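The values are calculated or read from the model by the stated rules, or taken from the named source; none is laboratory data. Note that this is a predicted model, so its numbers are computed, not measured. Every residue, glycine among them, receives a Cβ derived from its backbone with ideal geometry; neighbour counts consider all protein chains shown.
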Amino acid sequence: MKRVMIIGPAHPLRGGLATFDHRLAKAFQEKGYQAEIISFKLQYPSFLFPGKSQYTNEPPPEGISIRSLINSIDPLNWIRVGNKLAAEKPDLIIVRYWLPFMGPALGTILRRIRTNKHTRIVCVADNIIPHESRPGDEIFTRYFIRPCEAFLTMSEKVKEDLLPRVTRQAVTLASHPLYDNFGDAIDSTAARSKLGINPTEKVILFFGFIRRYKGLDLLLQAMADPRIREQNIKLMVAGDFYEDRASYDTLIEQLKLQDQLILKTDFIPDSQVRDYLCAADFVIQPYKNATQSGVTPLAYHFEKPMLVTNVGGLPGLVPHEQSGLVCEPDPASIATGILHLYQLGPQYFQPHLRRIKQDLSWPRFIDKLIDLANGIQK
C-alpha cells in the first residue's frame, strides 16, 4: 500500500481542515508513502459561505501535490471525479467528513471509486451530527457513510454519534495530532511586540472562526464579571466572524467591554498563528457544544494551558488541573475558571502539557489509519 489520496479541503482554501490535510499528507510522505490531496474547485457556493473569503493569499505548502477537482454542487462533476479516481487506482483513500452538505458529493465520488475493487476507503470523521442542524442532514450523512469501509474519529463523542449509523465498518479512536506546522514557540514578549500588546498585561485568547456554538458570547459575559475586571484581564479575540457580528458588537457595548478587549477579527494567516498563541497566557474554549476542537492540539503544540467547557469531547482532551481546567458553559463558571488559571499560573500546567503532547504525534496517527486500512478485506 503505497499510493494515498486525501479527499478534503486544501490550498488555496483556508482554515483548519486544509491545514490538517496538508500536515496529514506530509506525515504520510514522511512514512514513505506517495500522498496527494484531492480538493475542491468549488467548496461552498458564496451565498452559503459565512466568512469573508474561502481562500488564502499565502503560498501553497511545499512538496505536496494538490488537485482541485471537486465541485460540491455539480452531480455530473461528482461522477466524473469518481470515475477518474477509480481509474487511477490509489491504494488508499482518506476522506474527511465534517458537514452533511458534503455528503452527496463525497458519497457519490466514493461509490464510483469502489467500482475498481482495489482502493481501500477510510474516513476521518470530524463530525457526524453537525453543530447547526439543517433539513436533510441525516439522509446526507447516511448516504456518505455507506461506501466508506472504516472510520477514525478524534473524539469519543463523534464515535458515539457514528456507531449507531454504521453496519460492519470498523471504527477506531485516535487523538487529534499536534498542529506542529506553525513553527516553534517564541518568547511571549517577542510575540506581544509583534502584535502591539503590553508585555506585562494579563491576556487570554479566544482563537479561531467565530460561530455561535463556540460560545464567545458566554466569554464576553464572563469578562464583565467584577472579579475579572478587578484583575484587569484582557481578552484577545483572534479569528474571522462566520456569522453576523452585530450581536457581539451590541453585547460588547452593553457590557462596556471595549477597554478589556483586543479584537483581531480577521482571518489569521498561518504565518501569524504562532504570534497569537505565544502572546497569550491561556487559551479559552467556552464552547456550548463540541465534538473536538482543532484549537486544542494547537494549544498543546505551543504548550498553552486551556480552559474548556464541560461539553462533548473537550474534557477528555484537556484533563482537569493537568493541561488546563474544565468549567461549565455559563459566564460565572467561565469567569471562575479564568481566575483559577491565574491562581495556579502557567508553570503549574507545563509538565502535564509536555507529557500529553508526546502522545499526539503524527506517526501514531498514521499508524492508526494504516492499521484500519489493512483490516479492510478486498
Quick one: how many residues across the stretch 53-81 are more than 29 Å from Ser155 (Cβ to Cβ) and assigned to a helix (DSSP H, G or I)? 6
Return yes or no: is Ala280 under 30 Å from Leu162 (Cβ atoms), crowded, with 19+ Cβ neighbours inside 10 Å, in contact (Cβ under 8 Å) with a residue 60 or more places away in the chain and not assigned by TED's automatic domain parsing to the domain that holds Tyr55? no
Residues of the stretch 216-250 that turn out to be within 24 Å of the chain's Cα centre (by Cα) and charged (D, E, K, R), as a count: 5
Would you mind telling me which numbered condition in (1) closer than 21 Å to Leu17 by Cβ; (2) in contact with a helix residue (DSSP H, G or I) (Cβ under 7 Å, 6 or more places away or on another chain) Gly239 fails? (2)
Looking only at residues in the stretch 137-163 that are assigned to a helix (DSSP H, G or I) and among the β-branched types (Val, Ile, Thr), which one is modelled with the lowest pLDDT? Val158
State whether the residues of the stretch 338-352 include one that is under 30 Å from Phe28 (Cβ atoms), crowded, with 20+ Cβ neighbours inside 10 Å and among the hydrophobic types (A, V, I, L, M, F, W, C). no
Go through (1) touching a Gly at 6+ places or on another chain (Cβ under 8 Å); (2) assigned by TED's automatic domain parsing to the domain that holds Asn127; (3) crowded, with 17+ Cβ neighbours inside 10 Å for Lys214 and report which single condition fails. (2)
Output the qualifying pairs, or none if there are none: Cβ atoms under 7 angstrom, residues six or more apart or on different chains, first residue in the stretch 309-322 and over 10 Å from Phe349 (Cβ atoms), second residue surrounded by fewer than 24 Cβ atoms within 10 Å (Cβ to Cβ) and acidic (Asp, Glu). Thr309/Glu328; Asn310/Glu328; Gly313/Glu156; Gly316/Glu156
